[in-house]
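So the structure is just underneath, and the comments pick up after that.
The values are calculated or read from the model by the stated rules, or taken from the named source; none is laboratory data. As the structure is a prediction and not an experimental result, all values here were calculated from the model. Here the Cβ positions follow ideal geometry from the backbone for every residue, glycine too, while neighbour counts run over all protein chains shown. The protein model used for the area step is the full one, side chains on, heavy atoms only, and it has no ligands, DNA or RNA in it. Shrake-Rupley method; radii C 1.70, N 1.55, O 1.52, S 1.80 Å.
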Amino acid sequence: MLKKKSVRDFDLKGKRVLIRADFNVPLDDKLNITDDTRIRAALPTVKYVLDGGGSVILMSHLGRPKGEVKEELRLTPVADRLSKLLKKDVKRLNDCIGSGVKEAVSAIKPGDVILLENLRFHKEETKNDPSFAKELASLGDIYVNDAFGTCHRAHASTEGVTKFLPAASGFLVEKEIEYFERLIQNPEKPYIAILGGAKVSDKIQVFERLMDNVDTILIGGAMAYTFLKSQGIGVGGSKLESDKLDLAKSILENARKKNVNLVLPIDHIVADKLANDANTKEVGREIPDGLIGLDIGTKTIDKFKEILKGAKTVVWNGPVGFFEMDKFSNGTREIARFLAGSKATTVIGGGDTAAAIMNLGLQDKMSHISTGGGASLEYLEGKVLPGVAALNDK
Ligand code: AMP
């Protein structure tokens, strides 16, 4: 089991702690933050360092400036929100490296918080350039990674920087490692995965890896239609990966060989078009021509719940219907509510599934909601995330 050092393992008194956070928040046209969940999520680690007598230098990316300064992607709104939430002045710098930054950081005192400018204004960040990483590292005494969403990328601020400083996880990343390691190494059985979302092809490796240790995989979302079609079942005009039918077939065969129960929907909510004012109805396993499957039906929901009742561990990645539209969100909502009341260890992959749970206000009812979409998928694929691997071993 991967055991990595945490910020708790260091004496922070008088130390400058360089924290990689994930402040990649959504902004509206007027550059107002429309959802500050990610900023709030970073606060426990920041406060812990400050309470421990350290000072904090925060760094993050925002959007995709691709190595250029983009005024609309400055971290100014983040600094303002951080100041409010921490109830202290957070000094935002105009860059993340260079003499001005060095000077400001050298004057930092215990209890102070500085926010560096958007890391991706420099192309060296995503290229994991060693001298850029070294410059970042020169700003701190200890490096802490609390940005799980970028841990699957070997960037200067997630990987390069660890070559020059003691490196530990923040509270968010610590919890991600704890839960994903449990899933990979020793999940309590029965272990059930729910996979949904758009495409089978995005999740082939997840299927392969999961089939080595889950008992059951429940399949919903558009990817279910590719599986159903591969079994000769009509899916009407549903979203389909018609070039992945053989792949779906081989996953089903593999599941049989490995004794994994792979469960496909037995009924569907179908519509004549993908719109809120569409005509909808519930049909059985076959979807008639001209209709589109957009959610799992009530019998499927009941069947999934019946199976989930016995679970000790559940991991969920991908909504089981087109949940962004109210009419097709029932399946995702019902499964979410069921898991919220379950005693099993429940781990929710990042991205859409996490968003769906947040919308329902059920985030506190799950054991763990991942803060990284791509990163959580790669963890489940059994890959070692470069940003995690680079942290010091315990
Ligand atoms: P993914 O990023 O692969 O997890 O896919 C998530 C997307 O799949 C969401 O935008 C869902 O609305 C979409 N999705 C789920 N079920 C369906 C469906 N039956 N038809 C079309 N799109 C779907």
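Around the Cα centre of segment 2-90, unit charges on the Cβ atoms of Lys, Arg, Asp and Glu (plus for the first two, minus for the last two) sum to a dipole of about 520 debye. The figure for residue 211 is an accessible area of roughly 10 square angstrom, using a 1.4 Å probe on the protein chains alone. For segment 1-72, GluC sites (Glu not before Pro) meeting the loop criterion (DSSP other than H, G, I, E, B) and having at most 16 other Cβ atoms within 10 Å: 68. Annotation: peptides 191-200, 143-152, 19-28, ranked by per-residue average of other Cβ atoms within 10 Å with the highest first, follow the order 143-152, 191-200, 19-28.
When you filter the chymotrypsin sites (Phe, Trp or Tyr not before Pro) in segment 312-378 for DSSP loop state and at most 12 other Cβ atoms inside 10 Å of their Cβ, nothing is left.
Between residue 198 and residue 309, the distance separating the two model label sites (each 7 Å from Cα on the Cα→Cβ line) works out to 3.6 nm. In the chain, if the dipole is taken from +1 on Lys/Arg beta carbons and -1 on Asp/Glu beta carbons about the Cα centre, which of 227, 1, 173 is farthest to the positive end? Highest projection toward the positive end goes to 1. Just so you know, the Cα atoms of segment 179-380 work out to an Rg and Dmax of 15.6, 46 Å.
From the square roots a ≥ b ≥ c of the eigenvalues of the alpha-carbon gyration tensor of segment 7-172, which class results: rounded (a/c under 1.5), prolate (a/b over b/c), or oblate? In terms of gyration-tensor shape, rounded. Heavy-atom accessible area for residue 302, with the other protein chains in place and a 1.4 Å probe, reaches approximately 100 Å². What the Cβ-Cβ distance of residue 109 and residue 32 gives, at R0 = 45 Å and to the nearest 0.05, is a FRET efficiency of 0.90.
Filter 47/127; 4/383; 5/309; 239/281; 199/257 down to the pairs with a C-alpha to C-alpha distance above 26 Å, please. Pairs exceeding 26 Å: 47/127; 5/309.
Among 311, 275, 340, the residue with the largest mean-square fluctuation in a Gaussian network model of the chain, with springs joining Cα atoms closer than 10 Å, is 275. Charging the Cβ of each Asp and Glu at -1 and of each Lys and Arg at +1, and nothing else, the dipole of the chain about its Cα centre rounds to 880 debye.
In segment 1-133, the DSSP beta bridges split such that about 10 percent are antiparallel, to the nearest 5. Determine the percent antiparallel among the DSSP beta bridges restricted to segment 179-380, to the nearest 5. Taking every DSSP beta bridge with both residues in segment 179-380, the antiparallel ones total about 30 percent.
Bridges between two residues of the chain, per DSSP, are antiparallel at a rate of about 20%. For the set 268, 122, solvent exposure ranked by accessible area (probe 1.4 Å, protein chains only) runs largest to smallest as 122, 268. Our helix-only sum for the chain, with -39,500 (n - 2.57) per DSSP H run of n ≥ 4 divided by its residues, gives a mean residue ellipticity at 222 nm of -9500 deg cm²/dmol.
Using only alpha-carbon positions in the chain, the gyration tensor eigenvalues give semi-axes of 42, 22, 18 Å once each is multiplied by 5 and square-rooted (largest first). For the pair segment 337-394 and segment 74-141, the centres of their Cα atoms are 28 angstrom apart. Solvent exposure of residue 266, expressed as accessible area, is near 50 Å², computed with a probe of 1.4 Å over the protein chains only. Taking the average, over residues, of other Cβ atoms within 10 Å as the packing measure, peptides 304-310, 158-164 rank 158-164, 304-310 from highest down.
Here the Karplus curve 6.51 cos²θ - 1.76 cosθ + 1.60, taken at θ = phi - 60°, turns the phi angles of segment 42-56 into couplings of 7, 4, x, 5, 4, 5, 4, 5, 5, 5, x, x, x, 10, 10 Hz, with x standing for Gly and Pro. Rounded to the nearest whole Hz, the Karplus-based 3J(HN,Hα) values (6.51 cos²θ - 1.76 cosθ + 1.60, θ = phi - 60°) of segment 135-152 follow the sequence 5, 4, 4, 5, 7, x, 9, 9, 10, 10, 9, 10, 10, 4, x, 10, 5, 7, with x at glycine and proline.
Label sites at residue 394 and residue 47, each approximated as a point 7 angstrom past Cα along Cα to Cβ, lie 2.4 nm apart. Relative to the Cα centre, the charge distribution of segment 179-380, modelled as +1 at Lys and Arg Cβ and -1 at Asp and Glu Cβ, gives a dipole magnitude of about 540 debye.
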